[in-house]
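The values are calculated or read from the model by the stated rules, or taken from the named source; none is laboratory data. Predicted model only: the values in this text are computed from it and were never measured. So basically every Cβ, Gly included, is an ideal-geometry build from the backbone, and we count neighbours across all protein chains shown. Areas reflect the complete protein model, heavy atoms only, side chains present, ligands, DNA and RNA absent. Shrake-Rupley method; radii C 1.70, N 1.55, O 1.52, S 1.80 Å.
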Amino acid sequence: MTIVLACALLLLTAAVVVLFAMMGELASRTAAAPAAASTALSPLEEYRLGAVVDEWPEPLAALGAGSRSVVLVLSTICASCAKVAGQLSEGALTGVTGSIGVAVSCAEQADGDDFVLRHGLADLPHLVDVRGAWVAGSFSVAQSPTALVFDNGVLSEGYLFTSVDELLREVGLNGGARAVV
């Protein structure tokens, strides 16, 4: 009986350790929710500024050739990403004067396809980026929701964001002038 209890305790301890490790991984891959509306947009700290992609994935290829474009990096396991996707499907891109695409990071292709359909993103240029391979490999980005801004195919800016409107004002794709901070 003592051996059974000891094994059960050992398994419970291992389960708790694994749970905390998974929570830590999730926290490191997703942006923290902003405390106030004024922090709905912040500069991305870790990314490959100046990166140029040799070959863009077919669904996003036009973004690499445009003078100013944005790739929104969303994840299927991120609550903030689901909110951003909701903003996109509710018309947040109305009046946008630039090219925008979406890269959906996910564990499996089916998860990404489901996210795109569920959130009405199928009409946008989008890439289902299994395990974030393209975004992480090309730009060293492992957080979401993230906006990667390109000028003539060169990664020039990166942001963590939760408000599509604020992001568009900041990068100058809202039909008006670029925001001055």
> For region 44-158, what is the percent of antiparallel DSSP beta bridges, rounded to the nearest 5?
Replying inline: 50
> Taking θ as phi - 60°, what are the ³J(HN,Hα) couplings along region 146-160 by the Karplus curve (6.51, -1.76, 1.60), each to the nearest whole Hz, with x for Gly and Pro?
Replying inline: 10, 10, 10, 9, 10, 10, 6, x, 9, 5, 10, 8, x, 9, 8
> Each residue of region 68-83 in turn: what ³J(HN,Hα) in whole Hz from Karplus with 6.51, -1.76, 1.60 and θ = phi - 60°, glycine and Pro shown as x?
Replying inline: 9, 9, 9, 10, 8, 9, 10, 10, 6, 9, 10, 5, 5, 5, 5, 5
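Quick one: net charge around Q109, please, counting Lys, Arg +1 and Asp, Glu -1 for every other residue with C-beta under 14 Å from its C-beta. The partial results should precede the final answer.
Working: positive: R131; negative: E108, D111, D113, D114, D129.
Charge balance near Q109 sits at -4.
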>> Starting from 0.36 nm per residue, how many nanometres of slack lie between N152 and L117 once their C-alpha separation is accounted for?
In response: 9.6 nm
> In what sequence, highest mean first, do 66-74, 116-124, 147-155 appear when ranked by Cβ atoms within 10 angstrom?
Replying inline: 66-74, 147-155, 116-124
>> Probe radius 1.4 Å, ligands and nucleic acids ignored: give me the carbon and sulfur share of the accessible area of region 120-163 as a rounded percent.
In response: 54
